[in-house]
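To start, the structure itself, in structure tokens.
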Amino acid sequence: MARGFFITFEGGEGAGKSTQIDALADRLRGKGFDVVVTREPGGSQGAEALRHVILSGAAEPFGPAMEAILFAAARSDHVEQLVRPAVARGAIVLCDRFIDSSRVYQGITSHLQPSFMVSLERVTVNGMMPDLTFVLDIDPAEGLRRATQRRGTGIADRFEKEALAIHRKRRKAFLDIARKEPERCVVVDASDTPQRIGSRIAEIVETRLEASGIKPPLERAGDEI
Ligand code: TYD
């Protein structure tokens, strides 16, 4: 039975997650892997519809608990419609943000009850925890500078425009998760050059895939003959 690999990328604003995801996807596709690139909130039809509601700030008046529920609903649809089937067919799924973003943004900086967050997590992730998570770590002042530059004249989203102190708290919370789950999480210094960050990530991914016996579909077919 084919079983793929689920990799998530986490971190603050402007940490360079999407650049690294695109580079890793190109590299893995070049080796013959079936790669699926996705993001949260979003990644499936239902979740993309919720993405707009959440990031525009339209749900903010309902309060942080309701926002967390919307993120959870979007995640549940994404997991069941896209992530789980892709991993089951043997694909490597690269996802821009996942459960750790909810733990940090909703759980820590929106001060929601840990027991509420744990319950939401159980029903939305439904056993589909990432095999590997990269935490791209950057000083929030630098991250926000990069995010502003990237956005150009566009409007900052609901979360980007929050105070620097809140972004600093998030940075610490991501690092705390990585410390508590060292098997799953790898912290990467996102202030380094994109090339060096990319090489480090590729090396770790290739080592993990090899250790898990995950091969590109063509090589796998060869093994089965
Ligand atoms: P996005 O435009 O995807 O930003 P980024 O490039 O920073 O990933 O916006 C996603 C925003 O939603 C980001 O500010 C983090 C926030 N978010 C949460 O608060 N909780 C979550 O569970 C997820 C997935 C994202």
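Here the average projected area of the convex hull drawn through the C-alpha atoms of the range 1-73 stands at 6.6 nm².
Remark: accessible surface ordering of Ile201, Ile69 (largest first) is Ile69, Ile201, probe radius 1.4 Å. Ranked by the mean number of other Cβ atoms within 10 Å per residue, highest first, peptides 121-129, 84-92 order as 84-92, 121-129.
Averaging 1/r over every pair of different alpha carbons in the range 70-162 and inverting the result gives a Kirkwood radius of 15.2 Å. Distance between the pseudo-spin-label points of Leu218 and Arg179 (7 Å out from Cα toward the beta carbon): 4.6 nm.
Remark: C-alpha extents of the chain on the principal axes read 59, 37, 35 Å, sorted largest to smallest. Amide H contacts of Val187: Val135, each under 5 Å away and 5 or more positions distant or on a separate chain (H built 1.01 Å from N in the peptide plane; Pro and chain starts excluded). Straight-line cross-link partners of Lys172 among the lysines, defined as a Cα under 23 Å from its Cα and at least 8 positions apart when in the same chain: Lys17, Lys161, Lys180. With Cα atoms defining each centre, the range 1-63 and the range 175-190 are spaced 18 Å apart in the structure. Loop-located trypsin sites (Lys or Arg not before Pro) in the range 135-217 (DSSP state other than H, G, I, E, B) with a sparse environment of at most 13 neighbouring Cβ atoms within 10 Å: Lys161.
Would you work out what percent of the accessible area of the chain, with all protein chains in place, is carbon or sulfur (probe 1.4 Å)? Ligands and nucleic acids excluded, carbon and sulfur reach 56 percent.
Residues within the reach of a label modelled at Gln81 (point 7 angstrom out along Cα to beta-carbon, backbone nitrogen below 15 Å), restricted to the range 14-53, are 38-53. Legend: helices of the chain (whole DSSP H runs) are marked when their alpha-carbon atoms reach 15 angstrom or more along the helix axis and their mean Kyte-Doolittle hydropathy is at least 0.0; marked are 45-55, 64-78, 114-125. In angstrom, the C-alpha Rg and Dmax of the range 55-109 are 13.2, 41.
Give me log10 I(q)/I(0) at q = 0.14, 0.28 Å⁻¹ for the range 81-127, Debye formula, one equal scatterer per alpha-carbon, no solvent. So the normalised log intensities are -0.43, -1.01. Ranking Val125, Ala25, Ser110 by how far each Cα lies toward the positive end of the dipole of the chain (charges on Cβ) leaves Ser110 at the top. Among the GluC sites (Glu not before Pro) found in the range 152-225, those both in a DSSP coil and sparsely packed, with 10 or fewer other Cβ atoms within 10 Å of their Cβ, are Glu183. Multiplying the residue separation of Glu203 and Ser18 by 0.36 nm and removing their Cα-Cα distance gives an extension gain of 64.8 nm. Simple point charges give the picture: +1 on the Cβ of Lys and Arg, -1 on the Cβ of Asp and Glu, and for the chain a dipole about the Cα centre of about 280 debye. Three principal axis extents describe the C-alpha atoms of the range 157-225; from largest down they are 58, 27, 24 Å. Straightening the chain between Glu142 and Phe62 buys 25.7 nm, computed as 0.36 nm per residue apart minus the Cα-Cα spacing.
The values are calculated or read from the model by the stated rules, or taken from the named source; none is laboratory data. The structure displayed is predicted, hence computed values, not measured ones. Please note: Cβ atoms are built from the backbone with ideal geometry, for glycine as well, and neighbour counts cover all protein chains shown. Keep in mind that these areas ignore ligands, DNA and RNA; they rest on the heavy atoms of the full protein, side chains included. Shrake-Rupley method; radii C 1.70, N 1.55, O 1.52, S 1.80 Å.
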